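Shown next, in C-alpha cells, is the structure this report addresses.
Any read-out appearing in this document is the output of simple, stated calculations on the displayed coordinates, not a laboratory observation. For clarity, every value in this text was computed on a predicted model and none was experimentally measured. Please note: Cβ atoms are built from the backbone with ideal geometry, for glycine as well, and neighbour counts cover all protein chains shown.
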Amino acid sequence: MSTVAAARAAWSVLRSPRIDRSALRRLQEHKLRRVVNHAWQHVPYYRRLFDRARVDPSTVRTIGDLSRLPVTSKKDLLEAGSDAFSRFYPPDKLVTHRTTGSTGEPMTMRFDRHFERVRSMVFLRALLAAGYRPGERLLMMKPGHSKRPPAWIGWEAVSFDESPEAMLERIGRTRPAMLYGWVTPIRELAVHMRNSGVRIQGLRAVVTTAETLDETTRVDLKKAFGADLYDFYGLTEMGTVAWECSRHDGLHVSEDVVHVEADRVGASGNEATMIMTSLELTAMPLIRYQTGDLAVSLDARPCACGRLFHRIRQVSGRMVDCLQLPGGQLLSPYSVTLALEPVQGLTRYQVLQEQPGSLLVRYEAAAAAPAMAVPEAIRSALVGLVGHDVRIETRREDSISPPSGRKFRVVESLIKAE
C-alpha cells in the first residue's frame, strides 16, 4: 500500500464513527461489493458456496442482499483448508495469524497488508476513545506467544505467564498511562495489589479484552487500579469489533470495517448470536461468518459522545455455553449472570454443566462472607431460573482462574454440542 493510500485508510477509520448514517451505509456497501466480488473470483470456497446458492455476486450490492448468502462457520473454513484463501495474493505477501482456539478449534488466518494496516488503525481508534494520547506508554499483558508491538511506537508487552510481582516491577519501571490485557491476568494483578498494599502511580486507564467482564469485576478493578476501566471486544479473525468510549454506555461496533447481524435467540429477544462480515479482509474473506458469540441488545440510538456507530450492551458469552435444561430449553449465559449478580459476598464464579440435569458452581467469596450464606444464596438464585428439577452443586475455591493462556468463561457447557 502506498503512503497516500495508507493515509487515506487512516483518515477514513478515524472519521467514520461521526459521519451520518446514510454516508456510512454507502461506505459499507462500497466495501461489501469489493469483498464479495473478490471472494467469488479468487477464493474457491466462496465460488462453490455462491454457485450452490445460485447467487450471482454482481447482484449483491446492498447490506440487505447479504441475507441471500449462506452462513459460514469456523468448521466450514477448517474443512475448506487452503481453498478458503485468496488465490490473488502470493503467499509470501500475506501475514499469518493463529486464533486462540478457546473453543478447541484454533484456525490459521491469512491477512493482506491492507487489512493489517486497517486493523491496527481500528485498534488505535478504540484506544483513543478510551483516552489514549499518542506518544504515551501503553503496557500490553499478552499471551507469551503473541507478537510484540514495534519498539518505535512506545508500547511494551509483558507475558501474563509472569508473576504479579514481575508485572508490577515492569509497570513501576515503564510507568504506563494505560494497561491493556485479558480480564483474568489483570484481575489477578489487582488481587495481588490489594493483598500486598501496592498502588500504581500515574495509571489513567485499564482496558480489558478477550473475556466477559462482569459488573463485580469491573468495580473491583476500578477500585484496585484507581483508574477508569474500558472493555474491548475483538476476534483474531476480525480485529477490534466493538469498544467502549468514555461514556461507558455500551460498546461501539466498528461498522465501517465489519457488518454485524444479530440473530435473536431465546424468548426474551434481548440476546443474539453475532454473524459478521469483514468489509476489509480479502486474503481470507469472512462473509456471514458465524462467530458463536452472544451479544446483548444492538442499540441504534446515538451515543452521547457524538459517535453514530450502533452499540451492543455487552458480549455475554458463547452460544455453545447456553445451559440445557431437562425439558430442552436453553438458558443463555447472560440470564445466568443476571441471576447471580445480586448475591452478596460472591466475588467471582463459574457455572459448569456436564449434563442437562445438573450444574456445578465454582466460586470465590469475600473473606467476611458467612460460610453457608453464599452457597444458599447461589442455589436460591439459580432455582428461580432453572427450577427444582436441576441439581445445583456449589464449591468454594481459593482461586477459579483458568490455566495460563486459556480464556475464562463465566458460564461453560461441557456437553458436546450437536
Counting sequence-distant residues (5 or more places) and residues on other chains, those with an amide H built under 5 Å from that of residue 109 are 97, 98, 99
Going by Cα centres, segment 35-98 and segment 339-353 are how many Å apart?
42 Å
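When the dipole is taken about the Cα centre of the chain, and only Lys, Arg (+1) and Asp, Glu (-1) are charged at their Cβ, what size is it in debye, to the nearest 20? Walk me through the intermediate numbers first.
Details: 58 positive and 47 negative charges, 304 e Å.
So the dipole magnitude of the chain works out to roughly 1460 debye.
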Only counting other Cβ atoms within 10 Å, I'd like 372, 141, 107 sorted with the fewest neighbours first.
372, 107, 141
Given only helices, namely DSSP H runs of n ≥ 4 each adding -39500 (n - 2.57), what is the per-residue ellipticity at 222 nm of the chain, to the nearest 500 deg cm²/dmol?
-9500 deg cm²/dmol
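How big is D, in µm² s⁻¹, for segment 322-413 by Stokes-Einstein at 25 °C and 0.890 mPa s if Rh is the Kirkwood radius over C-alpha pairs?
On the way: Rh = 13.5 Å.
It comes out at roughly 182 µm²/s.
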Please arrange 97, 30, 259 by how many other C-beta atoms lie within 10 Å of their C-beta, fewest to most.
30, 97, 259
Sorted by packing (mean other beta-carbon atoms within 10 Å per residue), highest first, where do 62-73, 234-245 land?
234-245, 62-73
Collect residues whose amide H, placed 1.01 Å from N in the peptide plane, falls under 5 Å from the amide H of residue 317; neighbours closer than 5 in sequence don't count.
294
Ordered by packing density, taken as the mean number of other Cβ atoms within 10 Å over each peptide's residues, highest first, how do 273-285, 84-96, 330-342, 41-53 rank?
273-285, 330-342, 41-53, 84-96
For 288, 18, ascending order of other Cβ atoms within 10 Å (fewest first) is 18, 288
